[in-house]
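The values are calculated or read from the model by the stated rules, or taken from the named source; none is laboratory data. Since the structure is predicted, the reported quantities are computational estimates derived from the model, not experimental observations. Here Cβ is always computed from backbone atoms with ideal geometry, including for glycine, and neighbour counts include all displayed protein chains. With ligands, DNA and RNA removed, areas are computed over all heavy atoms of the protein, side chains included. Shrake-Rupley method; radii C 1.70, N 1.55, O 1.52, S 1.80 Å.
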Amino acid sequence: MRDPADTVAPMGGLQIEAEPESVGVSSERLARIDRHFQRYIDDDRLTGWQIVISRNGKVVHHAVAGARDREAALPVEADTIWRVYSMTKPITAVLALQLWEEGAFELNDPVHRYVPAFKDTRVWRSGSVTSPVTDPTTETMRLWHLFSHTAGLTYGFMYAHPVDELYRRAGFEWGVPDLDLEGVCDVLAGLPLLFQPGREWNYSMGLDVLGRVLEVVSGQPLDVLLRERLLEPLGMHETTWSVADDQQPRLARLYGAHPQTRSAIPLDAMGDHAKHPPKFLGGGGGLQSTAYDYQRFIAMLANNGELDGVRILAPRTVRMMASNHLPGNADLTAFGRPLFSETTFDGVGFGLGVSVSLDPVKGKLAGNPGEYAWGGAASTAFWIDPVDDLTVAFYTQLLPSSVHPIRSQLKQLVYQSLL
């Protein structure tokens, strides 16, 4: 647990809790991280960013740079609000595991027990988007498949398979049909699966469907359940499904990459969705948060499920969440469809809502086996390394996250700073 006496400097809610050298981190080498990512701002690949690094449970580095809104000349500040997109997924997974700890469901339960529309879901075999040939499911879609992206679901933005096109035609690309969570799940259940559940890994809307399961087992809307069970107990008061009018000046602008120059260009039509309460509250994306709020979530996991005397999960549940659930302890390259994800594939497995490092050398990345992580579509990312007792979070707003090698560069720069 953190000792208030260790605090050396406040910064917008986040506090530097220890001098880097006191916990085996080089101040001089930490400065390399900031210099490196300043270049991204200098050449307009990013407009701004925020980094938080902790070791041994103490924040040792917090830096901001650039603009949260370049056109309005508004700087990134410690309390900037970020769209975390798929970094919603680990939050949903933790919420689900809270209910699992109470016996609300078992991981092997069939999905159709809670979302009946999935009982008759079929699997793509051949054909075209206009004349698909499908087979009945021979494997039962189970709840752990939703956590682990092994249910056979997909995303419309993949552009890799005819089923992806069927998703787009149904209204799923960088959005969803004009329906609530229950309605969206019913539409998804009527679309073919990519494969028999449990047979492969494919990045998907599984955590969105899991959010609907949580509504059914709890009898509460997902937003109310999340606020009461997780966000309020952790003091994450600025993690919301939409940003209130009086807080919108703090919201970072969303950018994409110019197709020729790769310079950041505003994506206001998509970015403005964060300013309005959504009808669809999906467990797979949609939250806005601050670095302070999300750091509390990260710190809880790194501290084995507890923060500031509030127990969210049992230590063994955190360990199970951060264990590889892919059959045969396979990595994503062997078991998955390596098309797009918020993680690399070589030497990386998957747990319950998070990626899990199995062999960093295989992926030619710094780090340790057992590290678990996830990221968001606008190039945000975090990881937790139990071996080095390290957490790292990076925030920016550039979509999609595959534009620049931000995450791999961040990893090598962070690990070189450890003494």
Those chymotrypsin sites (Phe, Trp or Tyr not before Pro) in segment 245-325 that DSSP places in a loop and that have at most 10 other beta carbons within 10 Å: none
Shape call, segment 201-269: gyration tensor on alpha carbons, a/c limit 1.5: oblate
Carbon/sulfur fraction of accessible area - the chain, other protein chains in place, 1.4 Å, %: 51 percent
5 angstrom amide H check on Leu74, placed H, neighbours 5+ away: Arg68, Asp69
Accessible area per residue in Å² at 1.4 Å probe, computed on the chain: 38 Å²
Estimated 222 nm signal from helices in the chain, with DSSP H stretches of n ≥ 4 weighted -39500 (n - 2.57), rounded to 500: -7500 deg cm²/dmol
Shape of segment 265-350, Cα gyration tensor, a/c cut at 1.5: oblate
Cα pair distances of segment 13-97 binned at 5 Å [whole percent]: 3, 13, 18, 18, 20, 16, 10, 4, 0
Dipole of the chain, positive direction: furthest Cα of Ala63, Met270, Phe345, with charges on the beta-carbon: Phe345
Inter-probe distance in nm under a simple model that places probes 7 Å from Cα toward Cβ, at Thr333 and Val310: 4.1 nm
Shape of segment 119-270, Cα gyration tensor, a/c cut at 1.5: oblate
Trypsin sites (Lys or Arg not before Pro), loop per DSSP, at most 15 other Cβ atoms within 10 Å - longest free stretch of the chain: 1-261
Per residue convex hull volume, Cα atoms of segment 269-419, in Å³: 142 Å³
Kirkwood-type radius of the chain, with distances r between different C-alpha atoms, in Å: 21.7 Å
